[in-house]
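For reference, the structure is listed below as structure tokens.
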Amino acid sequence: MGRKRSIISGVLVFVMSVGMVMNVNATTIEDAQKKAEELEGQKSAAEAEKNSLTTQLNDIVEDMNETQSKMTKKQSEIEEAENDLIAAKVDENQQYQSMKKRIQFMYENGDTKILEVMMESQTLGEFLNKAEYASKMSDYDREKLEDFQDIVAEVEEKEQTLQTEYDELSDLQTELTAKQTEVEGLLDSNEVLLADLDAQIGDNAETLEKLLADAEEAKRIQQEQAASQSQGGGSWTQPGENVVSGNGYFTHPCPGYTYQSSYFGEIREFEVGGHKGHDYAAPEGTPTYAAAAGTVIIAGYSSSAGNWVVIDHGNGLTTKYMHHSSLCVAQGQYVEKGQQIGCVGTTGQSTGPHLHFQVEENGVAVNPDKYM
Ligand SMILES: [Zn+2]
């Protein structure tokens, strides 16, 4: 099952790009770890974006407060100008009224035309522009009235300017409000993205945990299988570190134990065609190692070889290791050169603890020295 999964993951292609979050469940431990890194990277970027947006929002709110206080100040200036305008109009009107009284006095003392002009004129301006009658007014009245009119115009203009400034501030405030809404919207999206990333990080961590547990379980089952294949008092042994000795194509399968209790080709009474390998005498439990990298094609028990291992190195080359007390490998497993495969024993047809090491080329036993 574990093997099948890793094959599937090999053809999956993860396309990750900034701002694009893909919800693909990892199928191998490596993928899950890689995905965890990617998700953390995306989270950091989203958090940086959040900080930037928050800073922008704070700046906008600050600008809005500033604009608001300017508007408040402008408003009170406008009110002041309105009061000034009222005062100016009162002054103007008083002047007009007292002037009318003086003109009426002039009329009551003989000049009838003045009253007619007064009655005909719709506005004060019209009255003043009737040039032929202007001379009838005293220079004092005329100048005074014109002064008051100038003040009224001046105050009106000032009020108009203030109102324009106020409108500009109001437009600015509207713009800032729109910006605030936009940035708040971006912050909301950012929050959604962060929540999504957190959820994905959580899911992925769960997946990773499950994959690790699966791997642990698969390893345990493999060890159990190896232990059940190893019989005759043998059992599963946890392998030690790899040991590679010498520069030969093969490393010594039982380093440190060079004494051969029997050698390749030795003629012995009970064997036909001579001894097929080297026998390295070593104490029970001494580690044995794969002479070269390859696939374990047999890891089990036979009545003659005892607990034995056969490794296929490719190109017709195989090695056999016999009489182990226990094994470290399982059938189908790939082993590296110098990887421990078992422990020396005396299982099968054997008279004492030793490793029988046999090398074959296309099924024919050859002298192991050729490769060592
Ligand atoms: Zn032997």
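Give me the residue from the range 318-330 that is open to solvent by 10 Å² or more (accessible area, probe 1.4 Å) and under 18 Å from residue 292 (Cβ atoms) and, out of that set, farthest from the chain's Cα centre (by Cα).
In this case the residue turns out to be 322.
Here is a list of conditions, (1) at negative phi; (2) away from the ligand (no atom under 13 Å from the Cβ); (3) in contact with a strand residue (DSSP E or B) (Cβ under 8 Å, 6 or more places away or on another chain); (4) not basic (Lys, Arg), and residue 247 meets all of them except one; can you say which number that is?
(3)
To keep it simple, each residue is scored yes or no on (1) touching a Gly at 6+ places or on another chain (Cβ under 7 Å); (2) modelled with pLDDT under 90; (3) aromatic (Phe, Trp, Tyr).
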{"residue": "216", "(1), (2), (3)": "no, yes, no"}
{"residue": "226", "(1), (2), (3)": "no, yes, no"}
{"residue": "247", "(1), (2), (3)": "no, yes, no"}
{"residue": "305", "(1), (2), (3)": "yes, no, no"}
{"residue": "318", "(1), (2), (3)": "no, no, no"}
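Against the definition (assigned to a loop (DSSP other than H, G, I, E, B) and loosely packed, with under 14 Cβ neighbours inside 10 Å), how does residue 348 come out, yes or no?
Spelling it out, it is not the case that residue 348 is assigned to a loop (DSSP other than H, G, I, E, B) and loosely packed, with under 14 Cβ neighbours inside 10 Å.
Residues in the range 27-42: is at least one open to solvent by less than 80 Å² (accessible area, probe 1.4 Å) and outside any helix (DSSP H, G or I)?
Yes, there is a match, as at least one residue in the range 27-42 is open to solvent by less than 80 Å² (accessible area, probe 1.4 Å) and outside any helix (DSSP H, G or I).
Looking only at the range 339-365, which residues are in contact with a Pro (Cβ under 8 Å, 6 or more places away or on another chain) and more than 11 Å from the ligand (Cβ to nearest atom)?
Of everything in the range 339-365, those that are in contact with a Pro (Cβ under 8 Å, 6 or more places away or on another chain) and more than 11 Å from the ligand (Cβ to nearest atom) turn out to be 339, 340, 341, 342, 343, 344, 345, 346, 353, 359.
Could you run through the range 248-264 and say how many residues are β-branched (Val, Ile, Thr) and crowded, with 17+ Cβ neighbours inside 10 Å?
1
Criterion first (modelled with pLDDT of 90 or more, surrounded by 13 or more Cβ atoms within 10 Å (Cβ to Cβ), assigned to a strand (DSSP E or B) and not assigned by TED's automatic domain parsing to the domain that holds residue 50) does residue 292 satisfy it?
So residue 292 does not fit the description; no.
Does any residue of the range 193-205 turn out to be free of Cβ contacts under 8 Å to residues at least 60 places away in the same chain and either open to solvent by 90 Å² or more (accessible area, probe 1.4 Å) or touching a Cys at 6+ places or on another chain (Cβ under 9 Å) (or both)?
no
Answer yes or no: is there a residue in the range 262-281 that is more than 16 Å from the ligand (Cβ to nearest atom) and modelled with pLDDT of 80 or more.
No, the range 262-281 contains no residue that is more than 16 Å from the ligand (Cβ to nearest atom) and modelled with pLDDT of 80 or more.
Got a number for residues in the range 206-216 being free of Cβ contacts under 8 Å to residues at least 40 places away in the same chain and open to solvent by 80 Å² or more (accessible area, probe 1.4 Å)?
The qualifying residues number 4.
Considering only residues that are assigned to a loop (DSSP other than H, G, I, E, B) and touching a helix residue (DSSP H, G or I) at 6+ places or on another chain (Cβ under 9 Å), which ones fall in the range 302-331?
328, 329, 330, 331
Is it the case, given these coordinates, that residue 299 is assigned to a loop (DSSP other than H, G, I, E, B), away from the ligand (no atom under 16 Å from the Cβ), open to solvent by less than 10 Å² (accessible area, probe 1.4 Å) and not aromatic (Phe, Trp, Tyr)?
Here the answer is no, as residue 299 does not meet what is asked.
The values are calculated or read from the model by the stated rules, or taken from the named source; none is laboratory data. Fair warning: this is a prediction, and the values are worked out from it, not measured in the lab. We place every Cβ from the backbone using ideal geometry, glycine too, and count neighbours over all the protein chains shown. With ligands, DNA and RNA removed, areas are computed over all heavy atoms of the protein, side chains included. Shrake-Rupley method; radii C 1.70, N 1.55, O 1.52, S 1.80 Å.
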